[in-house]
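Taken together, the values in this text are just the output of simple stated rules run on the coordinates, not laboratory data. Remember, predicted model here, so these are calculated numbers, not experimental data. Backbone-built Cβ (ideal geometry, glycine too); neighbour counts: all protein chains shown.
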């Protein structure tokens, strides 16, 4: 649809490969979904690139299929959580709103999380990006469940540097 005198905001292409690779191990020590993605972080954005298709036949990773957006979008609250390894924080819902098809294999998230530990709840939200700019939004509710025998809080500092 064309709207007279409407112009898309200009946006410089981003290059997530200029940021260091980041990894995050699961607190439970078992394999988890984050191992399916390459993660990088910089300039307030966490960038993800799927290592392989999550759903066979759901589209090319290099062409930005919907399935390549949903994995990173589901991780939004994990990017911005205020503390690490203190509580499990599963999200019982996930709302992803895209206003254009993602382009390329990278999905970026500028994330926020708000927790209310006394009530056992929180929310996560974020702006979804590809290398050409904004593609949509994500939001979710979060349930806070304490880890057993956990006493020391670890302040969050984004994703951990890659370890080799």
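Report the extension gain between residue 36 and residue 88 in nm, rounded to one decimal, defined as 0.36 nm multiplied by the number of residues separating them, less their alpha carbon distance.
Result for the pair: 16.7 nm of gain on full extension.
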For a paramagnetic label modelled at 7 Å from the Cα of residue 147 toward its Cβ, which residues of region 88-113 fall within the zone defined by backbone nitrogen distances under 16 Å?
88-90
May I ask you to sort 79, 109 by Cβ crowding, counting other Cβ atoms within 10 Å and putting the fewest first?
79, 109
Take peptides 84-97, 121-134 and line them up by average Cβ neighbours within 10 Å, highest first, as a rough protection proxy.
121-134, 84-97
1/(1 + (r/R0)^6) with r = Cβ-Cβ of residue 2 and residue 66, R0 = 35 Å, i.e. FRET efficiency to nearest 0.05, evaluates to 0.90
